[in-house]
Structure formats: structure tokens, C-alpha cells
Amino acid sequence: MNNFYNHKAFIDLNPSQKEAVKNLEGPLLVLSGAGTGKTRVLTARLANLLFSKKTKPWNILAVTFTNKAAKEMRIRLEGLIGPSANSVWLGTFHSIAARILRENAEIVELNSNYTIITPDDQVRLLKQIMLDDEIDIKKFTPKSMSNLIGKWKDKGYQPDDIKISNNDYFANGKTVNVYKTYQLRLITLNSADFGDLLLHNLTIFSKHPDILDRYQSKISYFLVDEYQDTNTIQYLWLKLLADKTKNICCVGDDDQSIYGWRGAQVGNILRFENDYPLAKVIKLEENYRSTGRILEAANSLIVNNKERLGKNLKTSSKDGEKIDLISVWDGMDEAKRTSLEIESLHSAGFRHDQMAVLVRAGHQTRYFEERFVDIGIPYKVIGAKFYERMEIRDALAYLRVVQQPNDDLALERIINTPKRGLGTNTTSLIHSYAKKNNISFFSASQELLMTDELRPSVKRTLLNLINKFLDWNKQNKEIAHTDLAFKVLEESGYIAYWQNEKTIDGEGRLENLKELINAMSSFENLSGFLEHISLVMDGDNTADAGEVSLMTLHSAKGLEFDVVFLPGWEEGLFPSQRSIDELGLAGLEEERRLAYVGITRAKQRLFITFAANRQIHGLWQGSIPSRFISELPRHILNENIEGNIGADSSSYNQIDFDLFSKNASYGPGFFRAKQNGIAGINTYSKTRIDNNILNSNTQFDNGQRVFHQKFGMGLIISSDGDKLNINFDKAGEKKVVSSFVKLLD
Ligand code: ATP
Ligand code: MG
């Protein structure tokens, strides 16, 4: 078949959807509410482009919000068009940018085998830099520094773009310096963090207009899902790439913008018509997903937001069941009630994989997991961080060093795991030497091995390890990557380490390592696998096998289920107090959009629960129902409110919710946040960590008397660069590094 317009996937669309699918040329914005078929339209449009033979699959770039969504879209597309679907550039902003960066890495002084570092590596690296810069990391945590830098990157700021006066900012005005050093360190480590992927792309495009031109000519059609959640840098990147053809189709919903805290700019969607004056805007109004009552709940909740374009969802489907509003005693009770509902719905014919529990905060899943395990309800936690488990991270660190010996963070992680006598003394020595000479940890180890700075036993062990890495690195080009991974884990002693661990834990960890090697087999080589890992750290789930899904509201975007449970609708938890503290009214509105996303995931049944008591940081606290509950019309609710569960909760409708919303930006939390900010600037303590480096710039000559921390006094007999041959009074002749000796007057 070569005409898509005769295809069922086209015929089944409504007239507005068809219009969006047919309009292939020029800028197009599909702006409409949840469940109106935006993603469906985007997929059909992709198919139409391919059917019409207007372009080749590899000239199309389609951006989805998660790797999972990309996978689903590819499967659907393959069903429509066949295997050529595989050649479409389809993925998240990060994965596409990672590829462009790999193709042009040398321009930003990286090698094409650069590593994408994980968020906790970022924090570790920043911690080192901050300590070196004598910043009090108790006051200004590396984590918040990492957030700050992330925010700058999301806006497309390089260190030089940031103007901060020295006195009035976080970390005593040293943030820009830290940012600068951090970027340089990443280059030395041949690494990039998530934010860098797009940032480096922009640098490449601005330094080399010819390269930009090449991509602009290569990609003739752009399709973007969930456009409301693009941040500034993603917006700039897209705009630049699509500038030539302007064949760009974006779909989104301003009411579902839920990543403001990560820099998403809902304004991007509103600006579309300004950016592309010839843009066509299509609105879809019919919701095909949910029942009438579920839509009514969504509509009457979101209408409370001031910052919105304002649109109502319609449906021609039936009203459906009422929404169940259930009060419970505590988290455990909530899990119990939910599991009972799941069981009864399951016996009524609902499939487990068509049910989901969507939580506001990740920690809420614990009670549900425990309960589901207890009574045998099959479930999966989306975003279950398989790749974040200790043994997986260790194994990945080994593989990262094999792939790229300059990956310091990875090497430092496993240099003494399993324990092999290369403890903190050794690593801080290597570290100081690396920093002093601006070389990698691996090269520093190699150089130090040529001296006598290390004890003979340490030297032997380190030499052994370094040689193994060199050998594995060589084999990386010779043997299958899965075999190599096994070899590395075996020869490094890592497998034996868990085998000797006589706990049940050890067994499970070995299983996980096997699973890791399984996962590798679907990739062509180690480099492809490692890139995939860095990009899916946010939770690519395993195959569906009929399980109830447990996940956060944020990761539920774009998905749909027959039955949805929304637990924890209590003030403080949802809306999250932190969000309100930090962003005031804007934070509250983003929370409300999140509630809207949650409600609109449901096709047929929706359950909302709230507990009278919650354990927060180990302490029990009474809670009051979420203000969002009072925003739902009573006539669509089926209320299951226990009379005796707490003073406030039985009368949730009597609470003066306006009190919260009107004053949200001036509430106690707001003042608390401000005070912390002010207090932070005045307190500053000096920290000094680096005891190994005794001097940095001293010139040494033969015949001078020096002192070395380990070998004591000695006389310099010859030198070779910064390595000195010294005849020590007690230890005899040794080769040491000049920065570790002190000149005696
Ligand atoms: P969200 O805003 O949540 O991402 P969306 O606008 O992307 O939603 P889709 O996921 O594309 O909506 O569609 C929602 C549901 O409606 C899907 O099950 C889809 O198959 C169905 N659907 C969309 N359009 C039609 C149509 N014309 N006829 C029948 N079903 C439709
Ligand atoms: Mg969608």
C-alpha cells in the first residue's frame, strides 16, 4: 500500500487529527488536552511522511520524552511501515544530542568514546572541586551546586555567560569558578554530564556553522512530543536545527507542563506562533481516553490554575463509574485498601498490567511493594533503578575504565573494590599527583609506578591492576563485549568477592550481574551499551508481563491505564510542601498540573486515597486532606470516608483551602526558605584537605637537602622533570615526585 490515506490508521482519525496528519510542510503546532490523540497524530504523521516518500527515514528526527515512549513509538511505526521505521532518528533530546556529540566530539575537546557521567558522579566530582576551593560543603552542598550548574546548563549558559557579583551568591560567589573548573575536569576525564550533551551541541553549532548546516540539511522533518516540557536549551537546539526547513511539528498541552523544576518553559509552546509566523495551529478537543466523570474531575481541578490557556476536554464516551475517594488510617492501611480493590477488579476482569498506582514521591511505593509481595500481586516499579544498584554500578565502573581509562570517577570507585590494599592513602596520593600535573588518575597511577612513592606491596597490586586494564582495553577490540565483561568481572576478583560473601544478598547480586551481561547482549559493542545505560538511568522498564505498575506521577506522562490509583492526597505530600516553599503559587500550580496528569491517565476507574497519619522522617504526624480534593465536584465522587480517622480528615470539605492558595507564596515555608538563604551567606568555614602536596612551585637542584613525609631526610642526586632521585639518610636511594618533598633550608 503506498497511500496512507487508505490506511486504517488514518481513516480512524477525526477531522482535526486528519488535518494535522496531512499537513506535512511548514511549522505546525498541535495544542490540546490530555488523551486527545496528540501522540497518535504524531505517529500517524511520521507514517504519512514515510508512505508519501517525501523523505527518507534517516532524514526525520522525532523527539519523545522518555526512552520508553521512543520504543513504543518505534514499535507502532514498525507496525505501520515495516522495518524502515528503524532508521528514523527517534529518541529523547539527550539520546539524539549524545549521538551528534559523538560525531563531532573533537570540536569540544572530547574523544568520541566520551563517558556520560551519572548524577552521583557529578556530585562526587563537584565535592572534590569545592573542597579544593575551600568551600564549606556542609553549608553549600555539592548536590545543590550540581542542581545550580544543571539549571545554568538547561538555560544554555556557559561559565562565561554568568555574571554574579562576588558577595551575594551561593558559596561566597565561587560558583562560577567551580562551574569553570568542573567543565575543565570533565574534559580531562573525557566525560560529559547530561546537561553537557545539548550544551556541547550548541557550542559545536556555533563554532562550526558548516556542521550546523550539515545537520540542517540532513534533517528535513522534525516531530516533537510533549513540547510543553522542553527547557530553554532544548528549545534553542530545536530552533537552530529546524531553522532551514522549518518543517517542524510540535504537540503538547500547557496543562501538563510538570517539569518547571527542571527548567521546562511552558512559554516555549506559547511562543511557537511568534517563532514561526506561518505556523498552523490545530486544536483537538475530543478526549478518547477517559470516561465523562474522570474528565469532569480533571476539568474542574485544572480550572483553578490561573496560568493557563484554558481549554475544556470533551468526550462522547459514557459517564462511567464515580471516582472513589477513600480515607485510610496510614500508609500501610492505604496499601491494604488498594490491594483489596486491585484484587476485586482483577476478578472482575481487569488485567493487572492495565492498573497503575501513581505516587507523588518515590518513597511512597514502599508500602505498596511490601503489601503486593505479601499477598502475591504481580507488580513492577517503573524507574526501579536496576542500574543504580551497588553491584551494577561497580561492574559498570569497571567497564567504563576498560572503555576509557581516563574515566577517573569510575576508576576511583573500583580501585579498591574488592579490597586489594589500595586504600585512601594510596588514592589520595595518586589523586594529588593527578591534579598537580593535570592528568588523569590512570596516567598518574602509571607515572607513580615508575617511582618509589608507593610501598612495594602497593606498587605490585597497582601495577597488576593497571596492566589488567590495559589488557582488557586491548581485548575490547578483539572479543565479544559480553565475553569481555565476564572476563573483567572474573579476573578483577569482583565475582569471587560476592561469591565469598556468605549472605543471601550475595546470591542476588550475582544474579544481577548475570542480568547485566544479558542486557549487554542486545547491543553491538561496549560503547553502545554504556551510552544506553547513561541515557536510561531514569528507568527503562523491563518487558511487560502482566504486572501492576508502580511509579511516580512524573514518569506516568503520556501513559494510560484502565484503572489508576492516586494515593497520598494530603497537604504537604501532594501538593508537595517543598514545591510550594520554593516556588510559591507557581509551585502550587505545577502540583495541580501534576494532579491533572494523574487523573487523565485513567481510562475507566480512578481511586484517590488520603491517610490520616503519615510517618515523616521516622515521626508520625497527623495529616489533612489535599486541597485538590476539595476542587473535585462532589456529585462525581463515591466517598468512603471513615468517621473516626482524625479530627480534620473526616471534614475535608470544611477546610478553608483558599487560605492555602492565596497566601501560598507568603506562608511560613516561604520565610523559612528566605531565612536559610540569608543565613547561608554569612557562615563560611575554611576546609583544607590536601595534605599530600607540600609545595607546588619550588625549583630543585642536585645536592639540596629535602624532607619527604615517608622517607624522611635526603639529598637530591639527580632529577628528571618533576621526578627526583634522592638518597635518603635512612631509606636509601628512591625515586619520588617533587611535589611530595619539602626543601630544607
Ligand atoms: P497525553 O496528553 O496524555 O499524552 P495524547 O493527546 O497524546 O495524550 P494519545 O495517547 O495519542 O493522546 O491518545 C489517547 C488515547 O485515545 C489512545 O488510546 C489513542 O489510541 C486513543 N485515540 C486517539 N485518537 C483516537 C481516535 N480518533 N479514535 C479512537 N481512539 C483514539
Ligand atoms: Mg501523548
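The simple Förster model, with R0 at 56 Å and r as the Cβ-Cβ distance, assigns residue 180 and residue 12 a FRET efficiency of 0.55. Ranking 382, 172, 489 by Cα position along the charge dipole of the chain, where only Lys, Arg, Asp and Glu carry charges on their C-beta atoms, puts 172 farthest toward the positive end.
For residue 152, what charge total do you get from the other residues with a beta carbon under 14 Å from its beta carbon, if Lys and Arg give +1 and Asp and Glu give -1? Net of charged neighbours comes to +1. With θ taken as phi - 60° and the Karplus curve 6.51 cos²θ - 1.76 cosθ + 1.60 applied, the whole-hertz 3J(HN,Hα) list for segment 546-558 is x, 10, 5, 8, 10, 7, 7, 4, 4, 8, 8, 3, x Hz, x standing for glycine and proline. For residue 25, the solvent-accessible surface with a 1.4 Å probe is about 100 Å², rounded to the nearest 10.
Mean separation of Cα pairs under 8 Å and 6+ residues apart, divided by the residue count of the chain: what relative contact order is that in percent?
Across the chain, relative contact order equals 16 percent.
Can you say what percent of the DSSP beta bridges in the chain, counting only those with both residues inside, are antiparallel? Round to 5. If I count the DSSP bridges inside the chain, around 35 percent turn out antiparallel. When the listed pairs 68/603; 139/734; 127/419; 163/311; 53/239; 139/180 are checked against a 31 Å cut-off, the alpha-carbon distance exceeds it for 139/734; 163/311. Rg then Dmax, both in Å and based on the Cα atoms of segment 118-188: 11.2, 31. Amide H contacts of residue 379 (H built 1.01 Å from N, in plane; Pro and chain starts excluded): 548 sit under 5 Å, all sequence-distant by 5 or more or on other chains. A crude spin-label estimate for the pair residue 87 and residue 729, with each label 7 Å from Cα along the Cβ direction, gives 7.8 nm. The charge dipole of segment 1-130, taken about its Cα centre with unit charges on the Cβ atoms of Lys, Arg (+1), Asp and Glu (-1) only, comes to about 440 debye.
Taken about its Cα centre, segment 118-188 carries a charge dipole of roughly 140 debye when the Cβ of each Lys and Arg holds +1 and the Cβ of each Asp and Glu holds -1. In segment 330-485, the alpha-carbon atoms span a convex hull of 183 Å³ per residue.
Backbone amide hydrogens, once placed in the peptide plane, bring residue 728 within less than 5 Å of 715, 733, 734, excluding anything fewer than 5 places away on its chain.
Accessible surface of residue 18, taken over heavy atoms with a 1.4 Å probe and every protein chain present, rounds to 60 Å². With the charge dipole of the chain set up from +1 on Lys and Arg Cβ and -1 on Asp and Glu Cβ about the Cα centre, the Cα lying farthest toward the positive end among the listed residues 46, 332, 137 is that of 46.
Expressed as a whole percent, the accessible surface of segment 118-188 that belongs to carbon and sulfur atoms is 51, based on a 1.4 Å probe. For segment 170-232 versus segment 581-632, the inter-centroid distance based on Cα atoms is 35 Å. Taking the Cα centre of the chain as origin and assigning +1 to Lys and Arg Cβ atoms and -1 to Asp and Glu Cβ atoms, the resulting dipole is close to 1100 debye.
Between residue 491 and residue 361, what length in nm is gained on full extension when 0.36 nm per residue of separation is reduced by their alpha carbon distance?
Details: separation 130, 0.36 × 130 = 46.80 nm, distance 4.06 nm.
Once the chain is fully extended between residue 491 and residue 361, it gains 42.7 nm.
Accessible area per residue for the chain, computed on protein heavy atoms with a 1.4 Å probe, is 44 Å².
Can you give the calculated 222 nm mean residue ellipticity of the chain, where each DSSP H run of n ≥ 4 adds -39,500 (n - 2.57) and the sum is split over every residue, rounded to the nearest 500 deg cm²/dmol? Here the helix-only value at 222 nm equals -13500 deg cm²/dmol.
Ranked by the mean number of other Cβ atoms within 10 Å per residue, highest first, peptides 182-188, 333-339, 470-476 order as 333-339, 182-188, 470-476. In the complete set of protein chains, residue-level accessible area for residue 733 is approximately 110 Å², probe 1.4 angstrom. Taking 25 °C and 0.890 mPa s as conditions, the chain diffuses translationally at an estimated 85 µm²/s according to Stokes-Einstein applied to its Kirkwood radius (Cα pairs).
Between residue 577 and residue 72, the simple spin-label model (points 7 angstrom out along Cα→Cβ) gives 3.4 nm. The slack between residue 713 and residue 475, meaning 0.36 nm per residue of separation minus the straight C-alpha distance, is 81.2 nm. Surface listing: 322, 53 arranged by accessible area from highest to lowest gives 53, 322, probe 1.4 Å.
Annotation: amide H of residue 115 within the under-5 Å range of 191, 192, sequence separation 5 or more or interchain, hydrogens built in the peptide plane. Applying 1/(1 + (r/R0)^6) with R0 = 60 Å to the Cβ-Cβ distance of residue 111 and residue 321 gives a FRET efficiency near 0.55. Using θ = phi - 60° in the Karplus curve 6.51 cos²θ - 1.76 cosθ + 1.60, the 3J(HN,Hα) couplings for segment 400-413 round to 5, 5, 4, 5, 8, x, 7, 6, 4, 5, 5, 5, 5, 5 Hz; x is entered for Gly and Pro.
Each residue of segment 361-371 is assigned a 3J(HN,Hα), and the resulting list reads 10, x, 5, 5, 6, 4, 4, 5, 4, 4, 5 Hz, derived from the Karplus form 6.51 cos²θ - 1.76 cosθ + 1.60 (θ = phi - 60°), x at Gly and Pro.
The values are calculated or read from the model by the stated rules, or taken from the named source; none is laboratory data. Keep in mind that this is a model prediction, so the values were computed, not measured. Ideal geometry is used to build each Cβ from the backbone, glycine not excepted, and the neighbour counts take in all protein chains shown. These area figures cover heavy atoms from the full protein model, side chains too; ligands, DNA and RNA do not enter into them. Shrake-Rupley method; radii C 1.70, N 1.55, O 1.52, S 1.80 Å.
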